[in-house]
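Please treat every number below as a calculation from the coordinates, not as lab data. These figures come from a predicted structure and were not determined experimentally. Here the Cβ is made from the backbone with ideal geometry for all residues, glycine too, and neighbour counts use every protein chain on show.
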Amino acid sequence: MSRKKKKIILQYTVHPILFLGIITAILLVSGKPILSMMKANLNMVIAKGAPGYSNEYTSEYSSLFLSNKPFDREDIQIPEYGAKYGNILCESIEMKVPLYYGDSDNILEKGAGQYIASGLPGEGKTILIGGHDSIYFAPLENIHMGDIIEIETNYGVFLYQVTNTAIAEADDTSAYSINQEKEELILYTCYPFGQLLGKRSQRYFIYCEKMDNES
């Protein structure tokens, strides 16, 4: 086979394969946020919960339980990691999000995830909860001061009022404190909202003060 024919074969076989390999690698890296968003969208449709938590949240059980018994801190159970233990609701921005204990990538594809070193609703501590800005926490872009956020669990329903918002770097730990002597709900998500590609080095924080009326 002549050198010219070999060159033609390389041009039409090996080079395209190498090109496709490079393109595939780029798509796998840059497309990860898109794949994560698609998976999260699918989970919103399926609305599946996490197994293994004896007191896992269901709205029917919650209504029955709360109608017969006032809130007591002794009723608070620490959920298993990955368990759904409630819902987050905000009527003013039409947000309803399943709440899970833990904040791994898998959890955040199913709903909002709580940082496990923070407190549970009703414990009188900081509650730190994250969620994807392109899916579950997308409505937070339209949150306003004074809006009411509700967390419903099997042991109680808790109301929080938005008092402040802030934008901070992802590694800026001064944006929150989990050692406060009061109960404060802090929601956070990536910023800017809806940006799927590129570096996501900032976070959007919503600070909420606990209201007295609880059930």
Mean Cβ neighbour count within 10 Å, used as a protection proxy, ranking 175-185, 101-111 highest first: 101-111, 175-185
Sequence ranges 153-159, 74-80, ranked by mean other-Cβ count within 10 angstrom, highest first: 153-159, 74-80
Built amide H within the under 5 Å cut-off of Ser134, gap 5+: Gly194
